[in-house]
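The values are calculated or read from the model by the stated rules, or taken from the named source; none is laboratory data. Given the structure is predicted, the values throughout are model-derived calculations rather than measurements. We place every Cβ from the backbone using ideal geometry, glycine too, and count neighbours over all the protein chains shown. Each accessible area value is taken on the protein alone, full model and side chains, heavy atoms only, with ligands, DNA and RNA left out. Shrake-Rupley method; radii C 1.70, N 1.55, O 1.52, S 1.80 Å.
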Amino acid sequence: MSVRTLPLLFLNLGGEMLYILDQRLRAQNIPADKARKVLNDIIMTMFNRKFMEELFKPQELYSKKALRTIYDRLAHASIMRLNQASMDKLYDLMTMAFKYQVLLCPRPKDVLLVTFNHLDAIKGFIQDSPTILHQVDETFRQLTEVYGALSAGEFRLIRQTLLLFFQDLHIRVSIFLKDRVQNSNGRFVLPVSGPVPWGTEVPGLIRMFNSKGEEEKKIEFKHGGNYVTALKEGSFELYGDRVLKLGTNMYSVNRPVETQMSGASKDSASRAQESIAANPLAKEELNFLARLMGGMEIKKPSGPEPGFRMNLFTTDEEEEHAALCRPEELSYEVINIQAVQDQQRNEELARIMGELEVTEQPRQSTTKGDDLLAMMDEL
Amino acid sequence: MVAADSEGPKDPGIRCPSHRMFRRERSIPLQSSAAALCNNLSVLQLPARNLTLFGVVHGPSAQVLSAAPDGVPLAQRQLHVKEGAGVSPPHITQVHWCVLPFRVLLVLTSHRGIQMYESDGSIMVYWHALNSGDASSVQAVFAQGIAASGHFICVGTWSGRVLVFDIPAKGPNIMLSEELAGHQTPVTDIAAEPVQGQDGMADMVTADDSGSLCVWRSGPEFTLLTRIPGFGVPCSSVQLWQGIIAAGYGNGQVHLYEATTGTLNIQINAHARAICALDLAPEVGKLLSAAEDTFVHIWKLSRNPESGCIEVEHCHGECVPDTQVCGAQFCDPSGSSFAVTGYDLTEILRFGSV
């Protein structure tokens, strides 16, 4: 599959995460300066130059487990904490939102416009911080450099790679159900009306040419949809009208984020079986995590900064209940460190995790290995 | 044949009065969902045994199953890529039955190589590993595009080269006989038809990611007859029937070309999204097009008896609601039934004429 997919996956999922956190920070009435700090810290970590360098290296996509670990780390890059249940829900929402966006992209290349929509919104969150703004613009430039010249065929392979990653995910999201973009069985609605993609003509016409290439006859046929011509192409410049709405922020204070678990279904069971069986990959995935998170420079808090807990649910009881009721096959197990025999890699990962640590209490462990396991367990 | 469309029940099909109506028939359940690949359904009709075989790619595995005429599944088998070294499990790109003069082989292409099995998928008779030597670090290496041409099986690759394998009447003594150069971008699909009439007629077409087509004549050595340039949009699927090339593109268009000259005769704005599959019912010249816009359309190809020019007529359109179709095939030679697969769908949908 395509080795250029990871940056798009990471940035769009990250963008969705920020939309959700922003909405919850406001819904939970977190003071404005704390909320701003949380978003700034996360965005700064996301767009760190070293991290971006690792991200943009050509590589295969890793498992959902491995990717989830990165977002766990990212969500905890500031003074905010999340319980397992809330982190699960956050990841569910992020993945379903981006799956929806990829599926509904009119052209495979439009996934780049979706990414730009996310970046435009991220710049809105950090308007007052010129250094971070510069980092985001730098990422923008990198995206244009890598993806600007790709062919339609290469974008098609990227799209197929992304859809493979999201295959069999059917979590029902309340906001999608309400807006009727998702059916009650978890499948997305694919409209057969609206503008055709840029570069596509409205179906319904048959044109006949003679041997000289001149058009001789036109016939119409009934194609069944209700399509219209696309008015204009979205802009791929640093600033511009993207035209496409996919990837813009669909949450607001009045539209809370909720998910309903689809429950034990055949789809999720077969998917879970595959991911559990693929444990020989754990070592490669740890290498990937070490590389990527090694590039994440998470600031240690300068003084005693009181943290707070973010709840993705409306009450603490709901959060506890969700943790108990989460179907087995939908749990995101943390990567099993013990499976790795490579002592050197273990130590390196421990060093990185030690640097990344943002805790209020001192740790009480004897060995580095235990430290690492304890830290991973806490995510 | 149904007459006027003023009577009769409302149905999701869009039909011309003089052509058949289709209705949903019993679906065939799959063990795992279909992947969002192109040409992701292969059908082998075995009327003598009252069976139909279906092949669908899930991702790291593919499923091959047999079903009775009414759609009741009988037996099934999962196939995997032969070697799994590397970061993630290698993915299958296509599964396709090749009907040769004396045998039928099931061919599976992946990001590792090409596997050939006996028609029921029970025994692997041949394995060809892809050589990724020339690939840069950013290029994906894979095989894709499979067709039988006489006693050869042709398979496309990521580099644009088409591998030609010489298949003996029986046994595993399969040999790579030729590598065809004609494409600069990854091959997407290959179509072939039995040579008819005069010698020197085109009997194979290959398509690629940039939309270019190459027209070939098979033989102990294959000859490139014509090249049809692309226009920057991938050609995902191609068919060949009586010297007519049908090509489906990423912009939803179906083009009909004269194989001997490479001239574009007909351009159909058939779909609103990328076309994922084309199929032919050769007995009657029916063409099926399926796309990510959830629609399947059936067309009738013909030649004008006086001018010899290619003609086309739209017969039927079927909407498969909320389904990003990834594969579609006729299930009988007269084109009176077809099957459809969709991304994330764990069943094969079947449609039959009323």
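Of all residues being hydroxyl-bearing (Ser, Thr, Tyr) and outside any strand (DSSP E or B) in segment B:241-284, which is least open to solvent (accessible area, probe 1.4 Å)? Just the residue, please.
In the first step, residues of segment B:241-284 are kept if they are hydroxyl-bearing (Ser, Thr, Tyr); the result is B:249, B:257, B:260-261, B:263.
Next cut, outside any strand (DSSP E or B) only: B:260-261, B:263.
Numbers: B:THR260: 85, B:THR261: 85, B:THR263: 38 Å².
Out of the qualifying residues, it is B:THR263.
For the structure I just gave you, tell me whether A:VAL173 is under 16 Å from the mean Cα position of the chain (by Cα) and buried (at least 23 other Cβ atoms within 10 Å of the Cβ). Break it down stepwise before answering.
Working: under 16 Å from the mean Cα position of the chain (by Cα): yes; buried (at least 23 other Cβ atoms within 10 Å of the Cβ): no.
No.
Against the condition in contact with a Ser or Thr (Cβ under 6 Å, 6 or more places away or on another chain) and either in contact (Cβ under 8 Å) with a residue 40 or more places away in the chain or open to solvent by 30 Å² or more (accessible area, probe 1.4 Å) (or both), how does B:LEU53 come out, does it pass? Give the derivation first.
Details: in contact with a Ser or Thr (Cβ under 6 Å, 6 or more places away or on another chain): yes; either in contact (Cβ under 8 Å) with a residue 40 or more places away in the chain or open to solvent by 30 Å² or more (accessible area, probe 1.4 Å) (or both): yes.
Yes.
Taken over segment A:2-60, residues that are within 14 Å of another protein chain (Cβ to nearest Cβ) and either of a type in the set (Val, Ile, Thr) or on the phi > 0 side of the Ramachandran plot (or both) amount to 2.
Exactly one residue among A:LEU112, A:LEU90, A:LEU143, A:LEU67 is over 26 Å from A:GLY240 (Cα atoms), at pLDDT 90 or above and open to solvent by less than 20 Å² (accessible area, probe 1.4 Å), and that residue is A:LEU90.
Give me the residue from segment B:155-177 that is in contact with a Cys (Cβ under 9 Å, 6 or more places away or on another chain) and assigned to a strand (DSSP E or B) and, out of that set, nearest to the other protein chains (Cβ to nearest Cβ). So, considering only residues that are in contact with a Cys (Cβ under 9 Å, 6 or more places away or on another chain) and assigned to a strand (DSSP E or B), the one nearest to the other protein chains (Cβ to nearest Cβ) is B:VAL162.
When you scan segment A:29-38, do you find a residue that is in contact (Cβ under 8 Å) with a residue 40 or more places away in the chain, within 16 Å of the chain's Cα centre (by Cα) and crowded, with 22+ Cβ neighbours inside 10 Å, even just one? No.
Would you check which residues across segment B:204-240 are part of a strand (DSSP E or B), more than 18 Å from the chain's Cα centre (by Cα) and crowded, with 17+ Cβ neighbours inside 10 Å and list them?
Initially, segment B:204-240 is screened for residues part of a strand (DSSP E or B), giving B:204-208, B:213-217, B:223-228, B:235-240.
Add one more test, that the residue is more than 18 Å from the chain's Cα centre (by Cα), and what stays is B:217, B:223-228.
The answer is B:ARG217, B:LEU225, B:THR226, B:ILE228.
For the condition closer than 24 Å to A:CYS105 by Cβ, open to solvent by 50 Å² or more (accessible area, probe 1.4 Å) and β-branched (Val, Ile, Thr), A:THR200 does not qualify. Within segment A:200-222, does at least one residue satisfy the condition of being at the interface with chain B (Cβ under 7 Å from one of its Cβ atoms) and touching a Pro at 6+ places or on another chain (Cβ under 8 Å)? Yes, that holds for at least one residue. For A:VAL243, indicate whether it is on the phi > 0 side of the Ramachandran plot and under 32 Å from the mean Cα position of the chain (by Cα). Answer is yes for this residue. Taken together, the residues in segment A:115-131 that are over 16 Å from the mean Cα position of the chain (by Cα) and either closer than 22 Å to A:ARG172 by Cβ or open to solvent by less than 10 Å² (accessible area, probe 1.4 Å) (or both) amount to 1.
Taking segment B:261-280 as the range and being facing chain A (nearest Cβ under 8 Å) and closer than 22 Å to B:ALA36 by Cα as the test, the residues that pass are B:ALA270, B:HIS271, B:ALA272, B:ARG273, B:ALA274.
Report, by residue number, each residue of segment B:340-354 that is among the acidic types (Asp, Glu) and at negative phi. Outline the logic, then answer.
Going through segment B:340-354, the residues among the acidic types (Asp, Glu) turn out to be B:344, B:347.
Residue satisfying the conditions is B:GLU347 alone.
Restricting segment B:313-335 to residues that are facing chain A (nearest Cβ under 9 Å) and in a loop (DSSP other than H, G, I, E, B), the residue that is most open to solvent (accessible area, probe 1.4 Å) is B:PRO321.
Which is farther than 23 Å from B:PRO234 by Cα and within 9 Å of another protein chain (Cβ to nearest Cβ), of A:ARG159, A:ARG187, A:ARG172?
Details: A:ARG159 fails: farther than 23 Å from B:PRO234 by Cα; A:ARG172 fails: within 9 Å of another protein chain (Cβ to nearest Cβ).
Of the residues listed, the single one that is farther than 23 Å from B:PRO234 by Cα and within 9 Å of another protein chain (Cβ to nearest Cβ) is A:ARG187.
Applying the set (1) surrounded by 23 or more Cβ atoms within 10 Å (Cβ to Cβ); (2) in contact with a Lys or Arg (Cβ under 9 Å, 6 or more places away or on another chain); (3) of a type in the set (Val, Ile, Thr) to A:ILE42 leaves exactly one unmet item: (2).
A quick yes/no check of all residues on (1) more than 9 Å from every other protein chain (Cβ to nearest Cβ); (2) open to solvent by less than 30 Å² (accessible area, probe 1.4 Å); (3) within 18 Å of the chain's Cα centre (by Cα):
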site: B:PHE295; (1), (2), (3): no, yes, yes
site: B:LYS300; (1), (2), (3): yes, no, yes
site: B:GLU311; (1), (2), (3): no, no, no
site: B:SER337; (1), (2), (3): yes, yes, yes
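Look through B:LEU53, B:LEU65, B:LEU44 and report the one residue that is closer than 22 Å to B:GLY156 by Cβ, modelled with pLDDT of 95 or more and within 20 Å of the chain's Cα centre (by Cα). Steps first, answer last, please.
Working: B:LEU53 fails: closer than 22 Å to B:GLY156 by Cβ; B:LEU65 fails: closer than 22 Å to B:GLY156 by Cβ.
Every option except B:LEU44 fails the conditions.
Working carefully through the options B:LEU74, B:LEU105, find the one that is in a strand (DSSP E or B), without any contact (Cβ under 8 Å) to a residue 40 or more places away in the chain and away from every other protein chain (no Cβ under 14 Å). Outline the logic, then answer.
Working: B:LEU105 fails: without any contact (Cβ under 8 Å) to a residue 40 or more places away in the chain.
Checking each option against the conditions leaves just B:LEU74.
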